[in-house]
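Worksheet for the structure shown next.
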Amino acid sequence: MMGNASAADSKCDRRAARARSWIARTITCGVVASICACGDRNAQRSEIRQSPLGNALDKVVEWHGEIELEENEKVLNVLPYAAVDPHGGFLVWDEQEAQIRQYSPEGRLRGHFGRKGDGPKEFQFPRAAIRRTSGTILAFDTYARGAEFDQAGSAVLRTFRTPVGPLHSALLLDDSLVLLGGQVAGSSGNTAPSRLHVWSLGGNSVRRSFFAPSLPSKVQRLAANTAGFVSADRRGDVIAATFSLRDTIYFFDLQGNPRGQVPMNSQFYRRLSSESPLPSGKGGVVGAREWLGSFSLISNVFWASDDTLIVQYQDRVGTEPKWRLLGLRRDGSRLFEVVDSPYLITVDQANGWLYFVKPGSPTPNFWSRARLRR
Amino acid sequence: MRRTWFVYVWLLATAACGRTAGDSLQPGDTFPAIAGVPAGEGLHVVWVLRPEDYLKCTTGADQVRRFQRRYGSGVPLTVLYVGEHPEWGRAFLTRHRVNGSMIVVDQRRFKSTFRGRPGNGVHLVEGDRVRKVVMLADTSELAEMLEPVIEPLLVGRGGRDSSNIINIKELR
């Protein structure tokens, strides 16, 4: 694109590209900064409802001990996300500290790597870490880049770019394919963009893009640009996927072919309707944040070992997410719904463990381990 | 309609990553007495924080955290919170594991006291004297920028030792 343009055009193109990139980044910065919300069907400014059962999580799970993640002068858990490490323990990525950590099942710090920056061992906002069967670690930044590290995380084996940014989730399909959740950078306009992408590690290319929930109104497109979270989990050869603005679970096969969908049947999810108002220009950043809190956002879907689908969604109150958990059978029938849940960090599908931030803990380095009650 | 759409996008973009205004204080100035800040004779830092500063992607909290890990309680932090929704500010500081006290003032009072718009700056203050001002939007190295000023002052007070290094558990 740059090569056949005049110098002036090239400069203009670069400026335009930078401007587009800046706009895309700044809009999605809201996502990174946001991470929260929840509501009431068709309500434009509905109140957040409290569960009539109060905090009913104890009726849903049984607790099996706690884990304290080790910290030191270089490692502090600020906004950690985690996945169960097939080598044992957890891979933790912290977007605020731009760091990836390896923890033992008991919370002992085995190692850490990464810092803020744009270099090969640096991240802006790390978004996922995946252990390959070979033992190496794939680490993805939010903005269309990443690197593969050796088992210990001490050496960068290669860096790569992906077309997806901002990235919301990454799931290993096999040792050569990764399912990336997010929007292809630069895709915009009125056409609903695909949100899931099968990305080939070897070819460094997207094999297929799919899952394009429609966004019929401006207010929904704006919300999707700001907080278009995508989550996916896999059980066998079926993928379950969610999009932040849809109270529906979508199923696909590993090639991305649709395999049905079920409504979530939530009691408390607040849908952003097409008729909902746009944020008031008079409210500034505070008004924009209040608008973001006027509807719910689906954040994660997990597939538990007993086939229960666990959806974690949020209602934002100010800057803080209030977490809600919804348990569903595969046919969409509701098993439970809990408001004011502690944050569900990850689910170990193989062993049935659920890992929460310890209820009441002011910091996220204390976890509680639980199992769904039968 | 396209223009209206752009305005909304711009608003959210600004909400996400807006740049802060400048600060009127300079090294050598007296830090204006406001709501009990500054307090005491010692060396401390005052972080001026408004909703616009943390309702975006780059908040500066990571820099303040790194500073606190380096100097700990030896250089205590006061957050001078300017504007509405102080409860959001408290939640933000807790979530970002920033350790310090927070004092809330309204925008009008802050402006009249500081004679200018509040900026997202960290002020190193000794007693009531400003030693250095660092605007967080201008750097990613807060601790490194303050170090040349802090270290000699700490030496004069017996030096920085391990007692100044914050116990990470205190951040809880």
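The values are calculated or read from the model by the stated rules, or taken from the named source; none is laboratory data. Computed from a predicted structure; not experimentally measured. Cβ: placed from backbone, ideal geometry, glycine included. Neighbour counts: every protein chain shown.
Kindly establish whether A:Ala170 is buried (at least 19 other Cβ atoms within 10 Å of the Cβ), in a strand (DSSP E or B), of a type outside the set (Phe, Trp, Tyr) and in contact (Cβ under 8 Å) with a residue 40 or more places away in the chain. First the steps, then the outcome.
Details: buried (at least 19 other Cβ atoms within 10 Å of the Cβ): yes; in a strand (DSSP E or B): yes; of a type outside the set (Phe, Trp, Tyr): yes; in contact (Cβ under 8 Å) with a residue 40 or more places away in the chain: yes.
For A:Ala170, the condition - buried (at least 19 other Cβ atoms within 10 Å of the Cβ), in a strand (DSSP E or B), of a type outside the set (Phe, Trp, Tyr) and in contact (Cβ under 8 Å) with a residue 40 or more places away in the chain - is met.
Take the residues in segment A:343-371 that are assigned to a loop (DSSP other than H, G, I, E, B) and within 14 Å of another protein chain (Cβ to nearest Cβ), then tell me which one is surrounded by the most Cβ atoms within 10 Å (Cβ to Cβ).
Initially, segment A:343-371 is screened for residues assigned to a loop (DSSP other than H, G, I, E, B), giving A:343, A:349-352, A:358-365.
Filter once more, so that each one left must be within 14 Å of another protein chain (Cβ to nearest Cβ): A:343, A:358, A:360-365.
Details: A:Tyr343: 22, A:Lys358: 20, A:Gly360: 8, A:Ser361: 17, A:Pro362: 12, A:Thr363: 19, A:Pro364: 22, A:Asn365: 24.
Checked segment A:343-371; the qualifying residue surrounded by the most Cβ atoms within 10 Å (Cβ to Cβ) is A:Asn365.
Applying the selection to segment B:138-172, what residues are modelled with pLDDT of 85 or more, within 14 Å of another protein chain (Cβ to nearest Cβ) and out of contact with any strand residue (DSSP E or B) (no Cβ under 8 Å at 6 or more places or on another chain)?
B:Glu141, B:Ala143, B:Glu144 - these are the residues of segment B:138-172 that are modelled with pLDDT of 85 or more, within 14 Å of another protein chain (Cβ to nearest Cβ) and out of contact with any strand residue (DSSP E or B) (no Cβ under 8 Å at 6 or more places or on another chain).
For the subset of segment A:283-314 comprising residues that are in contact with a Gly (Cβ under 8 Å, 6 or more places away or on another chain) and closer than 21 Å to A:Lys358 by Cβ, which member is surrounded by the fewest Cβ atoms within 10 Å (Cβ to Cβ)?
Looking at residues that are in contact with a Gly (Cβ under 8 Å, 6 or more places away or on another chain) and closer than 21 Å to A:Lys358 by Cβ, I get A:Ala304.
Only one residue in A:Pro321, A:Pro216, A:Pro279, A:Pro258 is at pLDDT below 95 and away from chain B (no Cβ under 13 Å), so which one is that? Give the derivation first.
Details: A:Pro321 fails: away from chain B (no Cβ under 13 Å); A:Pro279 fails: away from chain B (no Cβ under 13 Å); A:Pro258 fails: at pLDDT below 95.
Going through A:Pro321, A:Pro216, A:Pro279, A:Pro258 in turn, just one is at pLDDT below 95 and away from chain B (no Cβ under 13 Å): A:Pro216.
Considering only residues that are closer than 13 Å to B:Phe110 by Cβ and modelled with pLDDT under 85, which ones fall in segment B:26-42?
Those that are closer than 13 Å to B:Phe110 by Cβ and modelled with pLDDT under 85: B:Ala33, B:Ile34, B:Ala35, B:Val37.
What are the residues in segment B:68-102 that are more than 8 Å from chain A (Cβ to nearest Cβ), over 21 Å from B:Ser112 (Cβ atoms), of a type outside the set (Val, Ile, Thr) and outside any helix (DSSP H, G or I), if any?
B:Pro76, B:Leu77, B:Asn99, B:Gly100, B:Ser101
Looking only at segment B:68-92, count every residue that is closer than 22 Å to A:Arg316 by Cβ and of a type outside the set (A, V, I, L, M, F, W, C) and tell me the total.
Adding up the residues that qualify gives 8.
Has segment B:43-55 got at least one residue that is at pLDDT below 90 and closer than 23 Å to B:Glu144 by Cβ?
No, segment B:43-55 has no match at all.
Kindly establish whether A:Ile130 is under 24 Å from A:Trp367 (Cα atoms) and surrounded by fewer than 22 Cβ atoms within 10 Å (Cβ to Cβ). Steps first, answer last, please.
On the way: under 24 Å from A:Trp367 (Cα atoms): yes; surrounded by fewer than 22 Cβ atoms within 10 Å (Cβ to Cβ): yes.
Judged against the criteria, A:Ile130 is a match.
Which number in (1) in contact with a Cys (Cβ under 7 Å, 6 or more places away or on another chain); (2) surrounded by fewer than 19 Cβ atoms within 10 Å (Cβ to Cβ) marks the one condition that B:Lys56 misses?
With respect to (1) in contact with a Cys (Cβ under 7 Å, 6 or more places away or on another chain); (2) surrounded by fewer than 19 Cβ atoms within 10 Å (Cβ to Cβ), B:Lys56 is out only on (2).
Name the single residue, out of those in segment A:287-299 being under 24 Å from the mean Cα position of the chain (by Cα) and outside any loop (DSSP other than H, G, I, E, B), that is nearest to A:Met264 (Cα to Cα).
First, the residues of segment A:287-299 that are under 24 Å from the mean Cα position of the chain (by Cα): A:288-299.
Filter once more, keeping what is outside any loop (DSSP other than H, G, I, E, B): A:288-292, A:297-299.
On the way: A:Ala288: 27, A:Arg289: 26, A:Glu290: 25, A:Trp291: 23, A:Leu292: 21, A:Leu297: 13, A:Ile298: 11, A:Ser299: 14 Å.
Looking at the filtered set, the residue picked out is A:Ile298.
Given the criteria more than 16 Å from the chain's Cα centre (by Cα), among the basic types (Lys, Arg) and either assigned to a loop (DSSP other than H, G, I, E, B) or more than 18 Å from A:Ala212 (Cα to Cα) (or both), does A:Arg270 qualify?
Details: more than 16 Å from the chain's Cα centre (by Cα): yes; among the basic types (Lys, Arg): yes; either assigned to a loop (DSSP other than H, G, I, E, B) or more than 18 Å from A:Ala212 (Cα to Cα) (or both): yes.
The answer is yes for A:Arg270.
Which one of these does A:Ser305 not meet: (1) closer than 25 Å to A:Pro364 by Cβ; (2) touching a residue at least 60 places away in the same chain (Cβ under 8 Å); (3) not in a strand (DSSP E or B)?
All conditions are met except number (2).
For the subset of segment A:82-96 comprising residues that are under 13 Å from the mean Cα position of the chain (by Cα), surrounded by fewer than 23 Cβ atoms within 10 Å (Cβ to Cβ) and more than 14 Å from chain B (Cβ to nearest Cβ), which member is nearest to A:Gly117 (Cα to Cα)? Explain how you work it out, then say what you get.
We begin by selecting, within segment A:82-96, every residue under 13 Å from the mean Cα position of the chain (by Cα); these are A:82-83, A:93-95.
Those still in the list that are surrounded by fewer than 23 Cβ atoms within 10 Å (Cβ to Cβ) too: A:82-83, A:95.
From what's left, more than 14 Å from chain B (Cβ to nearest Cβ): A:82-83.
Working: A:Ala82: 21, A:Ala83: 23 Å.
Only one residue fits best here, namely A:Ala82.
I'd like to check something: does segment A:61-75 contain any residue that is part of a strand (DSSP E or B), touching a Leu at 6+ places or on another chain (Cβ under 6 Å) and not aliphatic (A, V, I, L, M)?
no
Go through A:Asp348, A:Asp340 for me and flag whichever is of a type in the set (Asp, Glu), within 20 Å of the chain's Cα centre (by Cα) and modelled with pLDDT under 95. Working first, answer last.
Numbers: A:Asp348 fails: modelled with pLDDT under 95.
Matching residue, one of A:Asp348, A:Asp340: A:Asp340.
From the list A:Arg207, A:Arg195, which one is within 24 Å of A:Arg132 (Cα to Cα), surrounded by fewer than 18 Cβ atoms within 10 Å (Cβ to Cβ) and either under 16 Å from the mean Cα position of the chain (by Cα) or among the basic types (Lys, Arg) (or both)? Before the answer, list the steps.
Values: A:Arg195 fails: surrounded by fewer than 18 Cβ atoms within 10 Å (Cβ to Cβ).
Only one candidate passes the filter, namely A:Arg207.
Tell me the residue from A:Gly165, A:Gly182, A:Gly202 that is in contact (Cβ under 8 Å) with a residue 60 or more places away in the chain and within 30 Å of A:Gly135 (Cβ to Cβ), please.
Working: A:Gly182 fails: in contact (Cβ under 8 Å) with a residue 60 or more places away in the chain; A:Gly202 fails: in contact (Cβ under 8 Å) with a residue 60 or more places away in the chain.
Only one candidate passes the filter, namely A:Gly165.
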